[in-house]
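In what follows, a structure is listed as structure tokens, so that the remarks can point back to it.
Every number in this text was worked out from the coordinates using simple rules, so none of it is lab data. Remember, it's a predicted structure, so these values are computed and weren't measured experimentally. Cβ sites come from the backbone with ideal geometry, for glycine too, and all protein chains shown count toward neighbours.
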Amino acid sequence: MKTGLFACLAGGLIGWGAALANAAPPNIVFVLVDDMGWTDLGCFGSTYYETPNIDRLAAQGMRFTDAYSACTVCSPSRACIMTGQYPARLRITDWIAGHKRPFAKLAVPDWTLRLAPEIPNLARTLKAAGYATASIG
């Protein structure tokens, strides 16, 4: 009895694994908008702005609703999302033009202005998995 049950379970798992292997990978559309609050979208209840296309994407897909921004400005936040590393580790701690502060009373540290090509990132990982990738804007 136990052997028959094990054989049925193993056969089912093998069949399920084969079906998953043949399934098409999910489409991924990741939209990062600078300086937009979550309450600015119709899908979250806003009536001030009309966002029908984003609302449709949100209705048919997944909403990423609980997050913590790694930095208060865009460039370090994008670098963090792309690599999974904190901005300080990447040495990208301000927006790209933010390092030019001749008026600053404190010395601004020298930091990186772009991601190093050897750092693994989300776009390269997805591309290696067969996805078409693009960064627009």
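Based on the Cβ-Cβ distance of Ala107 and Thr133, what FRET efficiency does E = 1/(1 + (r/R0)^6) give at R0 = 35 Å, to the nearest 0.05?
According to the calculation, E is roughly 0.40.
Across the stretch 25-30, in residue order, what do the Karplus-derived ³J(HN,Hα) couplings come to in whole Hz, using 6.51 cos²θ - 1.76 cosθ + 1.60 with θ = phi - 60° and x for Gly and Pro?
x, x, 6, 10, 10, 10
If you take the beta carbon distance between Asp55 and Arg114 as r and set R0 to 35 Å, what does 1/(1 + (r/R0)^6) give as a FRET efficiency, to the nearest 0.05?
0.55
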